[in-house]
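Shown next, in structure tokens, is the structure this report addresses.
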Amino acid sequence: SRLLVDPRMNKAAVIINEFGEVGLDHMLVTTPREDVVLLSSGCLCCSLRGDLVNTLTGLFNERSRGEIPKFDRVLVEPTGLADPAPVLLTVTADERLSEVFHVERVITTVDAVHGLGQLDSQLESVKQACVADVILLTKTDLADANTVAGLRARLHRLNPIADTRDVVQGEIDPDVLFNFAAPGEARVRDFSGLVE
């Protein structure tokens with residue numbers, strides 16, 4: 001929610017697929033609809049309905065018809081349990097989607113307190129770290145310095161080209177996450193080998 005109030009994010013659409021009970025801060029919502037809400041920052045937010053192809057196609061069609069405000073980027077926030085490769089391939093492999101959408105960046109958050117354990121026990125977390133362009137280490141202010149150093153080293157071995165940054169209390173400059181300087185530049189990394 002801190003990220004979405006930044007003026008540079010006022011033309012973003014956010015797709016959320018969460019299993020948790022806590023949603024976006026209700027104070028941000030200004031105009032609710034059945035499945036799409038307009039946030040006070042100007043961002044759109046919707047739930048993943050059915051599948052990603054239908055959700056993205058629906059958003060694009062609604063934008064084209066003027067039913068929702070124009071957006072210049074879409075952030076897809078799958079559940080923390082998601083395998084990222086099928087999500088990425090959905091956008092690039094579907095002919096309809098690939099004509100109007102492309103993957104610009106993959107951003108992954110890693111909990112500095114529990115990250116090493118999650119990398120050991122959750123294959124999805126390893127895949128998320130491997131495909132990330134940006135890795136955000138959260139809770140570094142709560143974790144032991146040796147634990148953070150070990151986690152940072154492990155993440156570097158998994159993905160030496162990712163830009164790894166510390167994030168405390170959700171504070172991060174959107175320029176670190178999104179390509180405002182050269183928007184529209186497509187991602188070139190190959191992730192097809194990660195799909196089982």
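Here's a check for you: in segment 63-91, which residue that is closer than 23 Å to R8 by Cβ and outside any loop (DSSP other than H, G, I, E, B) is least open to solvent (accessible area, probe 1.4 Å)?
V91
Report whether or not D111 is surrounded by 14 or more Cβ atoms within 10 Å (Cβ to Cβ), without any contact (Cβ under 8 Å) to a residue 60 or more places away in the chain, among the acidic types (D, E) and in contact with a helix residue (DSSP H, G or I) (Cβ under 8 Å, 6 or more places away or on another chain).
Yes, satisfied.
Looking at P69 and the list (1) farther than 25 Å from G170 by Cα; (2) of a type outside the set (G, A, S); (3) in contact with a Lys or Arg (Cβ under 7 Å, 6 or more places away or on another chain), which single condition is not satisfied?
(3)
Would you say N54 is farther than 22 Å from F178 by Cα and either modelled with pLDDT of 60 or more or of a type outside the set (G, A, S) (or both)?
Spelling it out, N54 is indeed farther than 22 Å from F178 by Cα and either modelled with pLDDT of 60 or more or of a type outside the set (G, A, S) (or both).
Of the conditions (1) more than 24 Å from V14 (Cα to Cα); (2) in contact with a Lys or Arg (Cβ under 8 Å, 6 or more places away or on another chain); (3) open to solvent by 30 Å² or more (accessible area, probe 1.4 Å), L119 clears all except one; give me its number.
(3)
Tell me which of these D133 doesn't satisfy, since it passes every other one: (1) crowded, with 18+ Cβ neighbours inside 10 Å; (2) without any contact (Cβ under 8 Å) to a residue 40 or more places away in the chain; (3) charged (D, E, K, R).
(2)
Would you check if there is a residue in segment 164-175 being closer than 30 Å to V53 by Cβ and surrounded by 14 or more Cβ atoms within 10 Å (Cβ to Cβ)?
yes
Please determine whether any residue of segment 92-103 is in a loop (DSSP other than H, G, I, E, B) and surrounded by 18 or more Cβ atoms within 10 Å (Cβ to Cβ).
Looking through segment 92-103, at least one residue is in a loop (DSSP other than H, G, I, E, B) and surrounded by 18 or more Cβ atoms within 10 Å (Cβ to Cβ).
The values are calculated or read from the model by the stated rules, or taken from the named source; none is laboratory data. Not measured: the values here are computed from a predicted model. Note: ideal-geometry Cβ built from the backbone for every residue, glycine included; neighbour counts use all protein chains shown. The area values use the complete protein model at the heavy-atom level, side chains included, leaving out ligands, DNA and RNA. Shrake-Rupley method; radii C 1.70, N 1.55, O 1.52, S 1.80 Å.
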